[in-house]
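What follows draws every value from the coordinates through simple rules; no lab data is involved. Please read these numbers as outputs of a predicted model, since none were measured by experiment. So basically every Cβ, Gly included, is an ideal-geometry build from the backbone, and we count neighbours across all protein chains shown.
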Amino acid sequence: QARFCGGRRTRAHRTRLATARTRRLAVTVLLLGSLAHGLASQGRAGPGSLDRAFDPGSGVDDGAVYSIAVQRDGKSVFGGLFSNVNGAHRSGIVRLETDGRLDESFHVSELTGHLHPVLALPDGKILIGGEFDRVNGVPRIDLARLNADASVDTTFDAGAGPAGNAQAHVDALALLPA
């Protein structure tokens, strides 16, 4: 079923596969899974229940969402291959408020490539991985850390990327217990 080009799935094929899955998965996860925990901590909907106050609007207008992370404050960060969310330009990453509105204080102006995983860190920063080489004009190969305002954390630099070559990319991230 998968098409490969030099050992890697082509971008067009990944987009087609992910788009169909993402539309079903994003709504389910968004409303019933990941966000329920963050919203429940604020006295809103409990785990597994629908939060009718959360309205993401039209959501991702083009492309696909590959990853969702909920921050400690209940805001949600979405990563993937897209350029517009609710009619606003967002380059592969967006953060939504607890009620589903775009968080206007969080904007990545440039992401050359796309994201696979996003990981909310306890200090409010966000670790991102995928296939990219530049974030907000700063050279970063497949792995970067963003500050809470979406600026690149320049104290974190993976250099030539996690595997040290352009053929690898980041598919998953995890936070180890302290």
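Quick look at the values:
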quantity: Complete set of residues in the stretch 52-87 that are farther than 24 Å from VAL135 by Cβ and surrounded by fewer than 20 Cβ atoms within 10 Å (Cβ to Cβ); calculated: ARG52, ALA53, ASP55, GLY57, SER58, GLY74
quantity: Matching entry among LEU81, LEU102 (being touching a Lys or Arg at 6+ places or on another chain (Cβ under 9 Å) and under 15 Å from ALA64 (Cα atoms)); calculated: LEU81
quantity: Residue pairs meeting the criteria (Cβ under 9 Å; at least 6 apart or on separate chains; first closer than 22 Å to GLU110 by Cβ, in the stretch 68-81; second in a loop (DSSP other than H, G, I, E, B) and of a type in the set (Phe, Trp, Tyr)); calculated: LYS75/PHE106; VAL77/PHE106
quantity: Extreme residue, farthest from SER109 (Cα to Cα), among residues of the stretch 141-158 that are among the β-branched types (Val, Ile, Thr) and assigned to a loop (DSSP other than H, G, I, E, B); calculated: THR155
quantity: Selection from the stretch 88-119 of residues that are at positive phi and surrounded by fewer than 21 Cβ atoms within 10 Å (Cβ to Cβ); calculated: GLY100, GLY113
quantity: Residue within the stretch 125-140 that is on the phi > 0 side of the Ramachandran plot, crowded, with 21+ Cβ neighbours inside 10 Å, outside any strand (DSSP E or B) and charged (D, E, K, R) present; calculated: no
quantity: Test for GLY161: is it surrounded by 14 or more Cβ atoms within 10 Å (Cβ to Cβ) and part of a strand (DSSP E or B); calculated: no
